Amino acid sequence: MSALLAPRRLPVAPAPAADPVRVCFMIDRLSRAGTETQLLALIRELDRSKVAPSLVLLDGEDDLSRALEPADCSVIRLGVRRLVSLAAARAARRLRAFWREHRPDVLQTYFLDAAYFGAPLAKLSGVRKVVRVRNNLGYWLTRRHRLLGRAVRPFVDATLTNTAAGRDALVGREGHRADRVVVLENGVDTARFNRFLYPDTSKPRVRVGCVANLRPVKNVDGLMRAAKDALARFPQLVFEVAGDGEQREELERLHAGLGLGDRFKLRGSVADVAGFLRTVDIAVLPSHSEGMSNALLEYMSAGRAVVATAVGANADLVRHRKDGLVVPAGDGAALVDAIGELLADPMRAAGYGASARRRVEAEYSRDAMRRRFEAFYRGLAGR
């Protein structure tokens, strides 16, 4: 066939990109606590060509919450502090107008009040999919909360949790359908911990650090009692806790009663967690209960020598005697022995830190988290 008779191949136009999935996140207010930090990181990291976020704050009027609002997504503050009130009724009308403007495909709620208020209203407003986040193991749930949780469940299409233990609790103890519970792990900003030196537990002064809100579940009081014994055995130790909370006064009284002096410091809230961890050789997480601990991910990303209790996802994140040491919850003697083991073998302690850092970079970076959530939203929206 001559060139003149050959069929012409017209250029093929690229397929148009699918519209981004519109996801509206809803939480009571913003703070520097773990769940809120993960939410803000997710909003910041999402690829806007794939997922377009918006944010609803049930209250959010305080100065800290306002200061933390993301600059690159639409935000509405509803000013609701009590769900049964005239303010809540007016807020429902404002929220429906906000949703008519932004037309979300998905609503994702955090904490109880956002789920109780947002999930039924979203379905009534035509939002196609509602997702509820439950990242803890429900240790605090009362009978009232369980009843309200069951009442809101018909309006929820999927429940997200960040650990297998969380999924087992939702399905086994609370009766959620297994096919509606999805595990999506947290991520940590590994770049904040670049160029950290690995710990050296052979130094004349070894710092043991803990990042935790001062609440009973974090067991900082147990850490104090363990520290009393550890300081008697290992005089080179200094303990520091970064965090604040409702238990502050109680812990200060315990600190005085144990006579810990300047060998155990309650630093209060620390904005620069990476800077704090740079000064730490051994990082401990003594909690009675955890989901997927943001503090533990940060310890590992910083390459610290870690001792963590065997609760929640801790033992999945920290492989015992590979990435760190895992001890039974509430066992102060085991915690002290683990610290002693890290002091006795500095090379092994540094090796645990290096292994932990590699594990976080491979599986729990913010980029890995972003890809998990984007795939989930696009699947949920049928894209």
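The values are calculated or read from the model by the stated rules, or taken from the named source; none is laboratory data. This one's a predicted model, so the numbers in the text were calculated from it and none came from an experiment. Using ideal geometry, Cβ is built from the backbone for each residue, glycine included, and neighbour counts are taken over all protein chains shown.
Scanning the stretch 245-267 for residues that are within 22 Å of the chain's Cα centre (by Cα) and surrounded by 17 or more Cβ atoms within 10 Å (Cβ to Cβ) returns a single hit, Gln247. Within 21 Å of Asn135 (Cα to Cα), touching a residue at least 12 places away in the same chain (Cβ under 8 Å), out of contact with any strand residue (DSSP E or B) (no Cβ under 7 Å at 6 or more places or on another chain) and surrounded by fewer than 16 Cβ atoms within 10 Å (Cβ to Cβ) - does that describe any residue in the stretch 353-364? Yes: one or more hits.
Each residue in the stretch 141-167 was checked for being without any contact (Cβ under 8 Å) to a residue 60 or more places away in the chain and either in contact with an Asp or Glu (Cβ under 9 Å, 6 or more places away or on another chain) or over 20 Å from Thr35 (Cα atoms) (or both), and 14 of them qualify. Residues of the stretch 327-352 that are of a type in the set (Val, Ile, Thr) and either modelled with pLDDT under 95 or over 13 Å from Phe234 (Cβ atoms) (or both): Val327 alone. Taking the stretch 192-294 as the region of interest, the helices (runs of 4 or more DSSP H) fully inside it that hold 1 or more residues being among the aliphatic types (A, V, I, L, M) and over 23 Å from Ala333 (Cβ atoms) are 248-258, 273-278. Within the stretch 180-191, track down each residue that is farther than 20 Å from Arg304 by Cα and not in a helix (DSSP H, G or I). Across the stretch 180-191, the qualifying residues are Val181, Val182, Val183, Leu184, Glu185.
Scanning the stretch 295-311 for residues that are of a type outside the set (Lys, Arg), crowded, with 22+ Cβ neighbours inside 10 Å and outside any helix (DSSP H, G or I) returns Ala302, Gly303, Ala305, Val306, Val307, Ala308, Thr309, Val311. Within the stretch 359-380, the set of residues being hydrophobic (A, V, I, L, M, F, W, C) and in contact with a Leu (Cβ under 9 Å, 6 or more places away or on another chain) comprises Val360, Met369, Phe373, Phe376.
Of the candidates Arg207, Arg233, the single residue that is surrounded by 16 or more Cβ atoms within 10 Å (Cβ to Cβ), modelled with pLDDT of 95 or more and out of contact with any Gly (no Cβ under 6 Å at 6 or more places or on another chain) is Arg207. Restricting attention to the stretch 47-56, and to residues there that are crowded, with 21+ Cβ neighbours inside 10 Å and in contact (Cβ under 8 Å) with a residue 60 or more places away in the chain, which single residue is nearest to Val21 (Cα to Cα)? Of everything passing the filter in the stretch 47-56, Val51 is nearest to Val21 (Cα to Cα). Only one entry in Asp323, Asp316 is in contact with a helix residue (DSSP H, G or I) (Cβ under 6 Å, 6 or more places away or on another chain) and of a type in the set (Asp, Glu), namely Asp323.
Going through (1) hydrophobic (A, V, I, L, M, F, W, C); (2) at pLDDT 95 or above; (3) out of contact with any strand residue (DSSP E or B) (no Cβ under 6 Å at 6 or more places or on another chain) one by one, Phe193 falls short only on (2).
Okay, residues lined up against (1) in a helix (DSSP H, G or I); (2) of a type in the set (Asp, Glu); (3) more than 21 Å from the chain's Cα centre (by Cα):
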| position | (1), (2), (3) |
| --- | --- |
| Ala67 | yes, no, no |
| Pro70 | no, no, no |
| Val80 | no, no, yes |
| Ala87 | yes, no, yes |
| Ala97 | yes, no, yes |
| Lys123 | yes, no, yes |
| Val131 | no, no, no |
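Among the residues that make up the stretch 23-44, is at least one of them surrounded by 13 or more Cβ atoms within 10 Å (Cβ to Cβ) and either at positive phi or over 21 Å from the mean Cα position of the chain (by Cα) (or both)? No, because not a single residue in the stretch 23-44 is surrounded by 13 or more Cβ atoms within 10 Å (Cβ to Cβ) and either at positive phi or over 21 Å from the mean Cα position of the chain (by Cα) (or both).
With the structure loaded, tell me whether Ala114 is surrounded by fewer than 20 Cβ atoms within 10 Å (Cβ to Cβ), among the aliphatic types (A, V, I, L, M) and in the same structural domain as Arg146 (by TED's automatic domain parsing) or whether it fails that test. When the stated conditions are applied, Ala114 does not pass them. Counting the residues of the stretch 312-338 that are in a helix (DSSP H, G or I) and out of contact with any strand residue (DSSP E or B) (no Cβ under 6 Å at 6 or more places or on another chain) gives 6.
In this structure, Val127 does not qualify as β-branched (Val, Ile, Thr), surrounded by fewer than 20 Cβ atoms within 10 Å (Cβ to Cβ) and in the same structural domain as Leu42 (by TED's automatic domain parsing).
Determine, yes or no, whether Leu107 is closer than 17 Å to Ser293 by Cα and part of a strand (DSSP E or B). In short, no.
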